[in-house]
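Read through the structure below, which is laid out as structure tokens, and then see the notes.
The values are calculated or read from the model by the stated rules, or taken from the named source; none is laboratory data. Quantities reported herein were computed from a predicted structural model and do not represent experimental measurements. With ideal geometry, Cβ positions are generated from the backbone for all residues, glycine too; neighbour counts draw on all protein chains shown.
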Amino acid sequence: MVDVREAAKALAGARRVVVFTGAGISAESGVPTFRDALTGLWERYDAQALATPQAFEDDPDLVWGWYEWRRSLIRRVHPNPGHEAVAAIEAHAPHALVVTQNVDDLHERAGSRAPIHLHGSLFTPRCAACSRPAEPGPGDEPEEGRRLAPPRCGCGGAIRPGVVWFGEALPEEALEEAVQAATDCDVLLTVGTSGVVYPAAEIPKVASMFGGTVIQVNPQPTPLDAVATINLHGSAAVVLPELVSAAWPERAAAGS
Ligand code: BV8
Ligand code: ZN
């Protein structure tokens, strides 16, 4: 049992809250994290190598198949109590913003208003040549996955996933908004991230540099342990609901 009282006090007293999430918040929904070894067709690859423009150039069917498999998996799973607790924080705190590295839509499906997707989304494919947005396909890939040729755009270009690959710049506006929110926040909650991918991993540090209280939720130690004021070593779907009901007991009692 993790002691959330100090974190709950900080959260309940905060006017401006940022919730920063990584793959760990979707783990209890059945979505593998980036640390988890890949399976099936991709077991001999590592995610970081596949999530690059070079990999798509070298073998578009392998990479497109991977992203369509991931999108199909997301369509089959559901938000967990961790995602729901984040939406509750948005409802209770005067000002709250969700900033995620995840490319799934589980925050939105849990009721989060407009999470900032620093690394894009699986649901916004576009043409790799002319950047014209494309319609996502059926998204019913087999469990074990398969190679799949990317559809073609009217200009003849290949359709690519609307995610940010390693070596590619993050969406400028999204990054600026996230950095500004971290600068202005009273509390930043970092949940389920290993804090090793940049520039996203700077966000909790910015909050700490500008006097914000950083609360980390992660069952494992990470480089952010040193940045965090409060470390809650537990899983998102267990710790976050406890934190919300401790921060807003009256709301929890009223079931809102
Ligand atoms: C760029 C989308 C330049 C795709 C992703 C500075 C220093 C060193 C390196 C760099 C640097 N600056 C840039 C780099 C290079 C690189 C980088 O950071 N490399 C790292 C690996 C060293 N960064 C880039 O390439 C970035 N671009 O720099 O461009 C540029 C600039 C201008 C103009 C042109 C170019 C782009 C980075 C984005 C890449 N795209 N995703 C896709 O998803 O396929 S990153 C992807 O990996 C995720 O989005 C996420 O960001 C990252 C995975 O991290 P986490 O989400 O934290 O997940 P992880 O599995 O690692 O950890 C899970 C954690 O959860 C663990 O701690 C675990 O304990 C915990 N957990 C598990 N279960 C639970 C749990 N927690 C709670 N509850 C549970 N149940
Ligand atoms: Zn095109």
Meets criteria (closer than 23 Å to Asn80 by Cα, in contact with a helix residue (DSSP H, G or I) (Cβ under 8 Å, 6 or more places away or on another chain) and among the polar types (S, T, N, Q)) for Gln216: yes
Helices (runs of 4 or more DSSP H) completely within the stretch 143-256 that count 2 or more residues being charged (D, E, K, R) and surrounded by fewer than 21 Cβ atoms within 10 Å (Cβ to Cβ): 172-184, 202-209, 249-254
Sole residue being closer than 30 Å to Leu243 by Cβ, in a helix (DSSP H, G or I) and either within 11 Å of ligand 1 (Cβ to nearest atom) or without any contact (Cβ under 8 Å) to a residue 40 or more places away in the chain (or both), chosen from Ala91, Ala87, Ala55, Ala49: Ala87
Complete set of residues in the stretch 116-134 that are part of a loop (DSSP other than H, G, I, E, B), closer than 17 Å to Thr21 by Cβ and touching a residue at least 60 places away in the same chain (Cβ under 8 Å): Leu118, His119
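Kindly evaluate Arg113 against the criterion of being in contact with a helix residue (DSSP H, G or I) (Cβ under 8 Å, 6 or more places away or on another chain), assigned by TED's automatic domain parsing to the domain that holds Phe56 and more than 16 Å from ligand 2 (Cβ to nearest atom). Can you show your working first?
Working: in contact with a helix residue (DSSP H, G or I) (Cβ under 8 Å, 6 or more places away or on another chain): yes; assigned by TED's automatic domain parsing to the domain that holds Phe56: no; more than 16 Å from ligand 2 (Cβ to nearest atom): yes.
No; evaluated as a whole, the condition is false for this residue.
Which of the residues belonging to the stretch 93-104 are surrounded by fewer than 19 Cβ atoms within 10 Å (Cβ to Cβ) and at pLDDT 95 or above? Walk me through it before giving the result.
Pass one, the stretch 93-104, residues surrounded by fewer than 19 Cβ atoms within 10 Å (Cβ to Cβ): 94-95.
Within the stretch 93-104, just His95 meets the criteria.
Anything in the stretch 107-124 that is over 19 Å from Ala178 (Cα atoms) and more than 13 Å from ligand 1 (Cβ to nearest atom)? List them, or say none.
Arg109, Ala110, Gly111
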Residue within the stretch 117-125 that is over 30 Å from Gly156 (Cα atoms) and modelled with pLDDT of 95 or more present: no
Only one of Leu50, Leu62 that is in the same structural domain as Pro151 (by TED's automatic domain parsing) and within 19 Å of Val196 (Cα to Cα): Leu50
